[in-house]
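To start, the structure itself, in structure tokens.
The values are calculated or read from the model by the stated rules, or taken from the named source; none is laboratory data. Bear in mind that the values here come from a model prediction, so they are computed numbers and not experimental data. Neighbour counts are summed over all protein chains in view; Cβ atoms, including those assigned to glycine, are modelled from backbone coordinates with ideal geometry.
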Amino acid sequence: MPAPAAKPHLVFFPFPSQGHITPAFQLARLLHHCHGFDVTFVHTEHNRRRLLRARGPDALAGAPGFRFVAVPDGLPPSDEDASRDVEALLLSLPTMVPHFKELVLSELPAASCRRLLVSDVDPILRAAEEIGLPCVTFWITSASSFMAMQQIRHLVAKGLVPLKDAEQLRNGYLDSTVIDWAPGLPKGMRLRDFPTFIRTTDPDDAVLALTLRSTECYRTVPSAVVFHTFEELESQVISAMSDILPPIYAIGPLPLLLREAGGASAGSSLSKENRACLDWLDGKRPNSVVFASFGSLVKLTGEQLAELAWGLASSGYEFLWVIRSDQKATGAAGGTALLPPEFLEETEGRGCVTSWCPQEAVLRHGAVGAFLTHCGWNSMLESVCAGVPMLCWPFAADQQTNSRMACTEWRVGVELSEDPGREEVEAAIRQVMGGGRAEEMRRSAAEWKDKAALAAGPGGSSWVNLERVVNEVLAPLM
Ligand code: UDP
């Protein structure tokens, strides 16, 4: 009798920052929990230390058939902030490649199990190709931003990027240049709405070169691309994408799919969560609180912090504000110590400032009326799932594209300018919380919330697509 086939083994290797780890972990949990795949989830040494510090050994305990491993990344052991600096993270990637190869070749040899890599790290996908490991790209941000990234090579070919001179960044050129030829993207997309990697005047810009290289990799190396979005939200761009990509699957929002599958408590937070802010919200009226949070990497300047503080203060609304501990002004401590004392006096009892919160639960709390966000994709999807309108203040990378989609296509957000002053912040808060556009935006947000729930529920588009991933991409491994 032939020996039973070994179970296929999935190796998850997400880019080592919170916004990538969270959805990768959710997908890994789903494929393990509902579909019985064995999983090796790869962290970096730096993040392993952070997880242990924040949440103790339970954070890495695993389960039968699900284990965590960590590869060296060369980041300094003591420097907490290194893991929140995108450039340091990007530079650390090549260090991990030999360790990743070693892990696959020595611990998961092809002879003992069938394996597949799920990753969004270009050098790791290329390494997999080199050692003959099949792979799938898991694109953890919007499909629109993927398409916008793919257009960068065309922007270069048409001579629009790199920019001619720094003046173009200041004189409205990014606003007035409309790109109406990008497949599946809105016709009114401005250059400003494209990922910020194009904002350079240097033809040899390292980040631009890296972006071009990785977009080519995502298009050509994997056998499929899995998107953390849902078809109804990005239908046009998803259908345009099928012309340029291997098979694609939209399988989000994962927090909802996980909840449907009974696997809700999938913690992957690298920082300790302050759950007391949920108690603080319990005492508030429905839709009365502005929630402000800028993800895991964005750092505001001292001036931006002050302008935001005074905008929140003069709006008159109650607020919950995440100021991470690494968000330090030069030499100062983090948190409320960064805020003007007069602001703290004026808003005493009206605001709650914390260094890290259980954001998904916060957004689902009925007291939250609007979300002031940097437009990181997880934050936006969490807001869509909760039906909360957004104040969009994009900083970098894909955030500009996400903001554009939320504000002009899905009509669930109001966009702030790049460096909003206190009056602008105040006016936008008033507009979303109770002013002219509040009702329209709440209605749109509620509609998208329902559509997201339908997509993630049994028989919904994402539910079906996840089954398709299992049957069309993973089953051939069995
Ligand atoms: N987050 C959190 N608590 C906080 C702030 C953020 O749990 O206080 C989570 C948030 O829910 C999201 C992730 O951190 O899942 C940030 O990812 P996102 O894509 O929004 O932004 P990034 O950090 O990649 O810029």
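When every residue of segment 364-385 is checked against the conditions, at least one turns out to be in contact with a Leu (Cβ under 6 Å, 6 or more places away or on another chain), surrounded by 21 or more Cβ atoms within 10 Å (Cβ to Cβ) and polar (S, T, N, Q). Here segment 130-165 is the region considered, the condition is being of a type in the set (D, E, K, R) and not in a loop (DSSP other than H, G, I, E, B), and the residue that is surrounded by the most Cβ atoms within 10 Å (Cβ to Cβ) is R153.
Only residues that are in contact (Cβ under 8 Å) with a residue 40 or more places away in the chain and within 16 Å of the ligand (Cβ to nearest atom) were counted in segment 313-324, giving 2. Out of segment 379-397, which residues are at pLDDT below 95 and in contact with a Pro (Cβ under 7 Å, 6 or more places away or on another chain)? Hit for segment 379-397 is A397, nothing else. Give all pairs with beta carbons closer than 7 Å in which a residue from segment 267-294 that is closer than 16 Å to S379 by Cα and among the small types (G, A, S) meets a residue that is within 10 Å of the ligand (Cβ to nearest atom) and assigned to a helix (DSSP H, G or I); count only pairs at least 6 apart in sequence or on separate chains. So the pair list comes out as S268/I21; S268/T22; S293/Q359; S293/S379.
Conditions (1) in contact (Cβ under 8 Å) with a residue 40 or more places away in the chain; (2) of a type in the set (G, A, S); (3) closer than 30 Å to D205 by Cβ, marked per residue:
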site: A59; (1), (2), (3): yes, yes, no
site: L75; (1), (2), (3): no, no, yes
site: E87; (1), (2), (3): no, no, yes
site: K101; (1), (2), (3): no, no, yes
site: L117; (1), (2), (3): yes, no, yes
site: I131; (1), (2), (3): no, no, no
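Give the residue, chosen from V414, V469, V464, V384, that is touching a residue at least 24 places away in the same chain (Cβ under 8 Å) and either of a type in the set (G, A, S) or farther than 30 Å from L90 by Cβ (or both).
Sole residue among the options that is touching a residue at least 24 places away in the same chain (Cβ under 8 Å) and either of a type in the set (G, A, S) or farther than 30 Å from L90 by Cβ (or both): V414.
Flag not set for A438, criterion: surrounded by fewer than 21 Cβ atoms within 10 Å (Cβ to Cβ), in contact (Cβ under 8 Å) with a residue 24 or more places away in the chain and within 16 Å of the ligand (Cβ to nearest atom). The set of residues in segment 234-246 that are at pLDDT 90 or above and either polar (S, T, N, Q) or touching a Phe, Trp or Tyr at 6+ places or on another chain (Cβ under 7 Å) (or both) comprises S235, Q236, S239.
Among the residues of segment 11-41, just one is charged (D, E, K, R) and either more than 16 Å from the ligand (Cβ to nearest atom) or surrounded by fewer than 22 Cβ atoms within 10 Å (Cβ to Cβ) (or both), namely D38. On the given criteria, is E409 among the acidic types (D, E), surrounded by fewer than 19 Cβ atoms within 10 Å (Cβ to Cβ) and farther than 30 Å from D85 by Cα? Yes; evaluated as a whole, the condition is true for this residue.
For the residues A127, A82, the requirement of being surrounded by 17 or more Cβ atoms within 10 Å (Cβ to Cβ), at pLDDT 90 or above and either on the phi < 0 side of the Ramachandran plot or in a loop (DSSP other than H, G, I, E, B) (or both) singles out A127.
Kindly provide the set of residues from segment 337-373 that are free of Cβ contacts under 8 Å to residues at least 60 places away in the same chain, within 12 Å of the ligand (Cβ to nearest atom) and not in a helix (DSSP H, G or I), ordered by number.
Passing the criteria: only V353.
Here V121 meets the list (1) of a type in the set (A, V, I, L, M, F, W, C); (2) under 15 Å from C217 (Cβ atoms); (3) out of contact with any His (no Cβ under 9 Å at 6 or more places or on another chain) almost entirely, failing just condition (3). Within segment 374-407, how many residues are outside any loop (DSSP other than H, G, I, E, B), within 13 Å of the ligand (Cβ to nearest atom) and touching a strand residue (DSSP E or B) at 6+ places or on another chain (Cβ under 7 Å)? Residues flagged as outside any loop (DSSP other than H, G, I, E, B), within 13 Å of the ligand (Cβ to nearest atom) and touching a strand residue (DSSP E or B) at 6+ places or on another chain (Cβ under 7 Å) within segment 374-407 amount to 7. A428 - would you say it is within 16 Å of the ligand (Cβ to nearest atom) and assigned to a helix (DSSP H, G or I)? No, not satisfied. Meeting the requirement of 2 or more residues that are within 16 Å of the ligand (Cβ to nearest atom), the helices (runs of 4 or more DSSP H) wholly within segment 211-312 are 254-260, 276-282.
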